[in-house]
Amino acid sequence: MSSPHNENLETFSYDDKIVKLFVYATLFWGFVAMLLGVTIAFQLADWKVNMGLEWMTFGRLRPLHTNAAIFAFAGNGIFAGTYYSLQRLCKARLFNDFLGRIHFWGWQLIILLGAVSLMLGFSTGKEYAELEWPFDIAIAAVWVIFGVNFFGTLKRRREKHIYVAIWFYIATILTVAVLHIVNSLALPVDLMKSYSVFAGAQDALIQWWYGHNAVAFFLTTPFLGLMYYFIPKAINRPVYSYRLSIIHFWSLVFIYIWAGPHHLLYTALPEWLQTLGMVFSVSLWAPSWGGMINGLLTLRGAWDRVRREPVLKFLASAVTFYGMATFEGPLLAIKSVNALGHFTDWIVGHVHSGTIGWNYFMIAGVLYYMVPKLWKTQIYSERLGNIQFWTGTIGLLLYIVSMWVAGITQGSMWQAIDPSTGNLLYPNFVETIVRIVPMYWVRAFGGVFVLFSFIIMIYNLMKTIVNAPKDVKEDVFQAPPLNFKSDGHDSGHRKLEGLPLIFSVLSVLAILVGSAIEILPSLMADDFIEKKEDVSPYTPLELLGRDIYIKEGCYVCHSQMVRPMVAEKLRYGKPSMAAESVYDHPFQWGSRRIGPDIARVGGKYPNMWHYKHMLDPRAVTPDSIMPEYPWLFKNKVNFKLIQKKMEVMTALGVPYSAEEIDKGYETAREQANEITEGLAEFGVSMDMQDKEIIALIAYLQRIGTDIGQEDEE
Amino acid sequence: MKEGILITSDGKGDGPNQVAICDHCRGPLGLQGKTVACKENLFCCQGCATVFKLLGKLDLSQYYLLKEEGAPVGETDQFQQNYSYLNNQEIKDQYTQIKEGRRFVQFYIEGIHCIACLWLMERLPEVMPQVLQSHLIFDQKVLSLWLDKDCPLSEVAHLLHQFGYRPKIIESLDEGKKYKKKENKVHLTRLAVAGFCAGNIMLMAISHYAGVMGFWRHYFNWASLLLFLPILFYASIPFFKNSYYDIKKGHFSLDIPIVFALTLGSGLSIYHVITKNPLIYFDTLSIFVFLILASRYYLMRVQEYAEQLNNQANPLIQNEIVTLVGDQKKEVIIQSLLPGDQFYFMKGHTLAIEGHIVAGQAYIDNSFMTGESRPLFMEEGEILHSGCRNLTKDIIVEVDRPFDQSQIHHFYQKLKGDWLSENYYLGKSEKISTLILAAVGIVSIAALIFHLFNGTLGLGLNSILALLVITCPCVIGLGTPLILNFAMTNLAKQGIIVKSGNHLRQLGKIQNIVFDKTGTLTHGRPLLKKWVGEQTEDVLQAVYSLETLSSHPYARVMVQYIEKRGDIRLNDVQSFHEKLGIGVQGMIDGNLWSIEKDTESVESVVCIKKNGVLLAQLFFADIQKESALELITWLKSQGKKVFLLTGDKEKCALEIGKSCGFKEDEIFAEMMPQEKAWKIGELSPAIMIGDGMNDSLALSQAEIGIAFNGGIDLNKKAADIFMQESQLSGLKELFSVAHQTNSLTLRNIGIGLVYNMIAIPLAITGGIDPLKAAIIMPVISLFILASTFFSFNGNFKGAKR
Amino acid sequence: MNALYIMIPISVLLGSVFIAIFILAAKDDQFEDLTTPAYRILTDDINEIERGNE
């Protein structure tokens, strides 16, 4: 430098170590998540892959897979990309290296323990939020640390303008915090068990408001931020229209938060609310495509480079898949389409075109861009990168297509009615599954391709890192500070200096206080639950059984929501009503029918049927793909907890009387004894009565029995 | 500067450097017959070498990594411009501001091309410690600098100049601009608030249409009422304001019915919310407010864009710094000169006072003033007019009339006035649209009153809202400016800057087109017309070697002419001698060469003599541009009347004029500025096409003034349309676009009319409810937008072909 | 659907927070120049004064 000691300039370097850490974590958890994905894919293709192991069953691994993919893989990827771009966009080092480390290790610890807890069957039973309450608190804490570190850095920035990517990050931080907190509101029973404060339809609304926005603000906005930074950087030209990107952002955040109800079409939600959800989701199509087009046009005229360079290849196709997913989403939110697609594999395919096509590919592109820069070297092999790309793409296409076929096939089989007789064409649910099992194999192998492509990337990047020059010194940068009005005619500057921090804190506070005011009274208040006299709370044993149902993750394969359609009435019985699930903390409507809906299973089969079924599903339903649950016949039910559980339920507004609670233990015992006696006639030994299977049967026999079947023509 | 060794290209023979490119500007080497080499790098010229070395020294060589392939670099001519005047207090006071002990100053930077330039500009703080921050607005080429309070501006400017850019100090945000900026922000915020509230209200409305009932209906009503308040009390303020002023001034505008509907609608809705009446209009009202705000914001941007293009650096001519004659050579700003003061009139400077030469002799370029193409050789005692430019030698001038009495000042003031009073509001001038608006307004108010007495206010309100939404300015109000915006932006891309859309529209209509000769139809400087006599290698070399040493304008022409003809060796010249006003002579290989003006002939002829023997005669003249004839004939074919006005000699004027296709009676020569203006007055309405001071008056006199040639800032002020390149082809483009604009405008108005004819009755009779209207209106707008866009694209593709 | 008691206010509240941020951002001239920033980021890693290795 001509004037190295220029007192007007500040010298600084970036904390790239933390970025590197997150890069490693991304690679590791990406592998884990995809390995799990492949595993459960094979479990669906062949039930034997469940291996009769408690912690290996689909019901427990599937939540693990989703959580690992979203929070471990995507999460770490986001943190890596965010920390890298944020520092450079702000021309400032990370606010605090140590906070960064806490953030990193905290997050990894949560994932690790969380993974174990899910395998052990500790689950809240809320999709994409299965982790129990201690983890929820830990997540919130780490998230706040991330926020502090983020806004601290922003506050110290040396570049006046806040680049659009940063706006997307801000939206992510604020919104995810709120969503997470609201959705995780629960009352603990003990260290590893809690009940959602919301019940039934309420819980469903909150859950999918969270569920969708988790997609919107965890898997979309941060990645859009990455897109707006890394695509221009990678291709070394400005984004096609910066103005459009700004409009894109604001139009998104002003209304996006409304999304959600479209996950509950044809459920027991009121008509108007479903329509609202539908209209809304469809209207989201515009901003999404605005962003996609902006991203793609940035690459215009450089397709030859896209063909050559893995980085651009991944980024470009990521954006393309984003376009595809955001087109398919609104489509699926249209009621008529939803009628066919909901509860089928179509949804699963849709989700994966997002998570693999958009998130994985975007992360891959970002990593391929960052790693050589971070380690000051060249990528080990561009060729491997291209191979990875094609393997991944082929795998993904196999996945999507097979799921389309599977989904539409099964969906239409469910709906199919013989016009002459007016009966179902495929009354036996298993037929519809058997028909699509070949697709499950295709999907599984698609998954293998994707996993393999990821392994290639791990190898390629690790090679790159190993071959990189050792003892790299940090680059040192120089820039003038922003400590005074950087331009002749504005007074707002200092205001914004501290603004992000203050604002995030204030807003989060405001929202928490606001929601507290909203929620707390209603928690206690009975009016929070619309009563229906013939709906009564679960008996103690049923309650215990229900917890086993949740523990084993039955909801990932069995819905509890008969939709108001002819075919479903014929197949399952009377459509579900909101009133039926008013005591369901949490709701168990489910989102997928790998097995049949069981909203009306109560009383449908004798106890012995269930007993056999749990022991060996194929004994009662040939060709069933459900795993066996031998341990249900060994593990004892913890009757001790029943009173505590009932107390918590009462606190949440379930009307158990004081003596019901006092007698809880006995009542449970009695009912268990009763059921076991019934089974004993078929030669089941009486010492089964304290085993989980009995409680589970009790629950299953109760489901959907409150509202009589008769009053319907 | 000096280490660069001059290598004659044939010295390099057909070595690799023939194909090599310059390490700075990436231009081919040896083009001008020479190549500068220093260390291992090669450059096409000394300037490039300098910049390259400078960047290297400052450790800014990444500049070359960033540079896009083929992106040009700033011109790098050696001749140093003197920026010392920037240090003068008057300048500082007028152009810079002190904040918190730091000086804020803005430069308009000519020669900003690519990311590399941006990067370079913002590296200044690293290169110059006194520069605290530098911030470039890329598309406006405006560089904002925070400097140490006592950092000499000249140094900054000089550094930029060394990089090969042309910094021009500009007034950082005057009050007017500040106000505009603020307005802009407020409008944007209003828009955002409206957008947010409207969006959420719509969602709640949807649940209405989806049939939500009972408790939740009221819940939503209250929620949307809450969300509507910001729209009513914040976003809608401009409507209330405007209509208040309009009513006060007593003329009609759309805001009046808007406010009418707003107040009634919201009042009624609020009342209904409270009384649990299902008729709520928040959704319609809010979306309606949002749409209007949006369309107006768009209008604002369009205007700004047009303004921005035209509003480049403002002229500093009146702030030139001069050195007084006297023992302590005092530097003063030229405005402060008084009659009788004597000062040095420097080479390359422009005179901003009226005065006469007291010592020295120089070539003076008067074209600025008179359009006279030939530089005049002037000496002691001769009168100098303000606006003239000293081409050759520094001379001493005595002031007769100070700046504030000089013509240049007079013009500047006048033009500044005109310029500031320009009305930028597009669309407003559209009679038809105002008519329709008035109609709509009256109809709606009438209808409202009717319903009011009919007791069916709710119904009436509904239809009025539908009416207002459906006839909302988007179709007519937006249609016209849209076209103008397209036209202006596209023209701007081709270096034709139109100040205001109205001009573009008039352009198509006005019949009389008046041309200035010098610099408009002609190149504006003497060129070698013909070379009579020998043109051997020997002669060319001699001329080249001699004239490169001369500073006379003709000399440059000759040098360029010879360089064009390819490689040429420089011979060293002994006993070179330049006789001012006559020519040059010197010894080459023992022969005495003289290149001198033929003083007898009226034309400008230069004779080349070797040892007194006449070898060749070179005829100089300001010759017409290639496309001149074509243009004039084209215009005539378009049924326009063309005229040629010039201050130049009759003979010359006729010669050029005829060859450009003017008839004798269309040519008016030897006219002083005033006369030109009068002539324009006679021909009015007329379009004046010209450049130079002498035209400014005419330009501002004419209905439409089209100014040529980017050099002179005054033109930008004087003219309504301003062409950056001096190709005439631009004019043809301009006229055809103007034509297109008019026909398109008519078409859109037509569509608008038809549309309204259908829409208004439907809306009034309640055939369309507000929501439908809110859907239809944007659709129509989009249609117009699309049709306009495509027809224009077609046009411009055509233009490029 | 009492859960809407919570969802709608929170959604709107969150939206308002963003509006507030927007307003301050506008005040701070964040939307003044919407061209240069897009270019500026392209040079963000060029201006180091000493490069580690290489």
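Quick one: B:LYS636 ticks every box in (1) open to solvent by 50 Å² or more (accessible area, probe 1.4 Å); (2) at pLDDT below 85; (3) among the charged types (D, E, K, R) except a single one, so which number is it? Single failed check for B:LYS636: (2).
Only helices (runs of 4 or more DSSP H) wholly contained in segment A:279-374 count here; list those with 3 or more residues that are among the aliphatic types (A, V, I, L, M) and open to solvent by less than 30 Å² (accessible area, probe 1.4 Å).
On the way: elements: A:285-298, A:303-308, A:310-333, A:335-341, A:345-352, A:361-374.
Filter on segment A:279-374 gives A:310-333, A:361-374.
Of the residues making up segment B:209-232, those that are part of a helix (DSSP H, G or I), within 12 Å of chain A (Cβ to nearest Cβ) and not hydroxyl-bearing (Ser, Thr, Tyr) number 6.
For segment B:565-574, the criterion of being open to solvent by less than 10 Å² (accessible area, probe 1.4 Å) and either aliphatic (A, V, I, L, M) or at negative phi (or both) is met by none of the residues.
Provide a single number: the residues in segment B:525-540 that are touching a residue at least 40 places away in the same chain (Cβ under 8 Å), in a helix (DSSP H, G or I) and open to solvent by 20 Å² or more (accessible area, probe 1.4 Å).
0
Within segment B:603-620, the presence of at least one residue that is under 25 Å from B:GLY690 (Cβ atoms), of a type outside the set (A, V, I, L, M), touching a residue at least 40 places away in the same chain (Cβ under 8 Å) and part of a strand (DSSP E or B) is confirmed.
Examine segment A:105-116 for a residue that is open to solvent by 30 Å² or more (accessible area, probe 1.4 Å), in a helix (DSSP H, G or I), within 21 Å of A:LYS645 (Cα to Cα) and more than 13 Å from chain C (Cβ to nearest Cβ), and state whether such a residue exists.
No, segment A:105-116 has no match at all.
Applying the criterion of being acidic (Asp, Glu) and in a helix (DSSP H, G or I) to the residues of segment B:648-698, the residue that is most open to solvent (accessible area, probe 1.4 Å) is B:GLU682.
Residue under question is A:GLU431, and the condition is that it be among the charged types (D, E, K, R) and either more than 30 Å from A:TYR14 (Cβ to Cβ) or out of contact with any helix residue (DSSP H, G or I) (no Cβ under 9 Å at 6 or more places or on another chain) (or both); does it hold? Talk me through it step by step, then tell me what you get.
Details: among the charged types (D, E, K, R): yes; either more than 30 Å from A:TYR14 (Cβ to Cβ) or out of contact with any helix residue (DSSP H, G or I) (no Cβ under 9 Å at 6 or more places or on another chain) (or both): yes.
It is true that A:GLU431 is among the charged types (D, E, K, R) and either more than 30 Å from A:TYR14 (Cβ to Cβ) or out of contact with any helix residue (DSSP H, G or I) (no Cβ under 9 Å at 6 or more places or on another chain) (or both).
If you check A:PHE198, A:PHE168 for being within 30 Å of B:TRP119 (Cα to Cα), within 13 Å of another protein chain (Cβ to nearest Cβ) and in contact with a helix residue (DSSP H, G or I) (Cβ under 6 Å, 6 or more places away or on another chain), only one passes: A:PHE168. Of all residues in segment B:556-590, those being outside any loop (DSSP other than H, G, I, E, B) and among the aliphatic types (A, V, I, L, M) number 7. Of all residues assigned to segment A:25-40, none qualifies as being among the hydroxyl-bearing types (Ser, Thr, Tyr), crowded, with 19+ Cβ neighbours inside 10 Å and outside any helix (DSSP H, G or I).
Matching residues to (1) crowded, with 16+ Cβ neighbours inside 10 Å; (2) in a helix (DSSP H, G or I); (3) touching a helix residue (DSSP H, G or I) at 6+ places or on another chain (Cβ under 6 Å); (4) among the aliphatic types (A, V, I, L, M):
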{"position": "A:VAL654", "(1), (2), (3), (4)": "yes, no, no, yes"}
{"position": "A:ILE661", "(1), (2), (3), (4)": "yes, yes, yes, yes"}
{"position": "A:THR667", "(1), (2), (3), (4)": "yes, yes, yes, no"}
{"position": "A:THR676", "(1), (2), (3), (4)": "yes, yes, yes, no"}
{"position": "A:VAL684", "(1), (2), (3), (4)": "yes, no, no, yes"}
{"position": "A:ASP687", "(1), (2), (3), (4)": "no, yes, no, no"}
{"position": "A:ILE697", "(1), (2), (3), (4)": "yes, yes, yes, yes"}
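When C:LEU24 is tested against (1) in contact with a Leu (Cβ under 9 Å, 6 or more places away or on another chain); (2) within 20 Å of B:CYS114 (Cα to Cα); (3) at pLDDT 70 or above, exactly one condition is not met: (2). With the structure loaded, tell me whether A:GLY422 is under 30 Å from A:VAL601 (Cα atoms) and free of Cβ contacts under 8 Å to residues at least 12 places away in the same chain or whether it fails that test. Yes, satisfied. Of all residues assigned to segment C:38-45, at least one qualifies as being in a loop (DSSP other than H, G, I, E, B), modelled with pLDDT under 80 and at the interface with chain A (Cβ under 7 Å from one of its Cβ atoms).
Each row is one residue, and each column tells you yes or no for (1) of a type outside the set (Val, Ile, Thr); (2) crowded, with 24+ Cβ neighbours inside 10 Å; (3) away from every other protein chain (no Cβ under 13 Å).
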residue: B:MET128; (1), (2), (3): yes, no, no
residue: B:ASP139; (1), (2), (3): yes, no, no
residue: B:TRP146; (1), (2), (3): yes, yes, no
residue: B:SER154; (1), (2), (3): yes, no, yes
residue: B:HIS161; (1), (2), (3): yes, no, yes
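Against the test of being within 23 Å of C:ALA20 (Cα to Cα), of a type in the set (A, V, I, L, M) and open to solvent by less than 30 Å² (accessible area, probe 1.4 Å), the options B:LEU225, B:LEU262 yield a single qualifying residue, B:LEU225. For segment A:409-429, the set of residues classified as surrounded by 17 or more Cβ atoms within 10 Å (Cβ to Cβ) and assigned to a helix (DSSP H, G or I) consists of A:THR409, A:GLN410, A:GLY411, A:MET413, A:TRP414, A:GLN415, A:PHE429, listed by residue number. Taken together, A:GLY52, A:GLY81, A:GLY77 contain a single residue that is open to solvent by 30 Å² or more (accessible area, probe 1.4 Å) and among the small types (Gly, Ala, Ser), which is A:GLY52. Considering only segment A:212-233, I want to know if a residue exists there that is among the aromatic types (Phe, Trp, Tyr), in a loop (DSSP other than H, G, I, E, B) and open to solvent by less than 20 Å² (accessible area, probe 1.4 Å). Checked segment A:212-233: no residue is among the aromatic types (Phe, Trp, Tyr), in a loop (DSSP other than H, G, I, E, B) and open to solvent by less than 20 Å² (accessible area, probe 1.4 Å). Checking each residue in segment A:563-617 for being among the charged types (D, E, K, R), assigned to a loop (DSSP other than H, G, I, E, B) and over 29 Å from A:MET649 (Cα atoms) picks out only A:ASP616.
The values are calculated or read from the model by the stated rules, or taken from the named source; none is laboratory data. It should be emphasised that the depicted structure is a prediction, and the values quoted were computed from it without experimental measurement. All Cβ positions, even for glycine, are placed from backbone atoms using ideal geometry, and neighbour counts span all protein chains on display. Accessible surface areas use protein heavy atoms only, side chains included; no ligands, DNA or RNA. Shrake-Rupley method; radii C 1.70, N 1.55, O 1.52, S 1.80 Å.
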